[in-house]
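Participant: Handing you a structure now.
Values quoted throughout were computed directly from the atomic coordinates according to the rules given, and no laboratory measurement underlies them. Since this is a predicted model, take the numbers as computed values, not measurements. Here the Cβ is made from the backbone with ideal geometry for all residues, glycine too, and neighbour counts use every protein chain on show.
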Amino acid sequence: MELKLARTSLNATPKEITLEEIEENLEKKSIFYFDKDNSHKDLKNLMEYFEDKNYSVYMREVKYGLNDDDFIYEIHIVN
């Protein structure tokens, strides 16, 4: 499964990352930011994937503007 990381600017296209790449990066960082273009179902699958591996996973929406569409997903994955 591929997920889109949060954009670095409003006009940029989001970069994609796989679950395996996220798992490899967990030793370096535990907070990941994902783009609003990801489906909620895919993000729930990501959470279930890591919960099955005994990680604690927390997700929230982070608003960065006044419009309802101005948000990204913040996901914490902690062992």
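Participant: Among the GluC sites (Glu not before Pro) within the chain, which fall in a DSSP loop and have no more than 12 other Cβ atoms within 10 Å of their own Cβ?
Facilitator: E27
Participant: In the chain, what trypsin sites (Lys or Arg not before Pro) fall in a loop by DSSP, with at most 16 other Cβ atoms inside 10 Å?
Facilitator: Values: sites: K4, R7, K15, K28, K29, K36, K41, K44, K53, R60, K63; in loops: R7, K15, K28, K29, K36, K53.
Answer by residue number: R7, K15, K28, K29, K36, K53.
Participant: At a Cα cut-off below 13 Å, give the aspartates and glutamates reachable from K41, other chains included and same-chain residues fewer than 8 away excluded.
Facilitator: E2
Participant: Quick check: net charge around E48, other residues with Cβ under 13 Å of its Cβ, Lys/Arg +1 and Asp/Glu -1? Before the final figure, lay out the partial values.
Facilitator: Numbers: positive: K41, K44, K53; negative: D42, E51, D52.
Its environment carries a net charge of 0.
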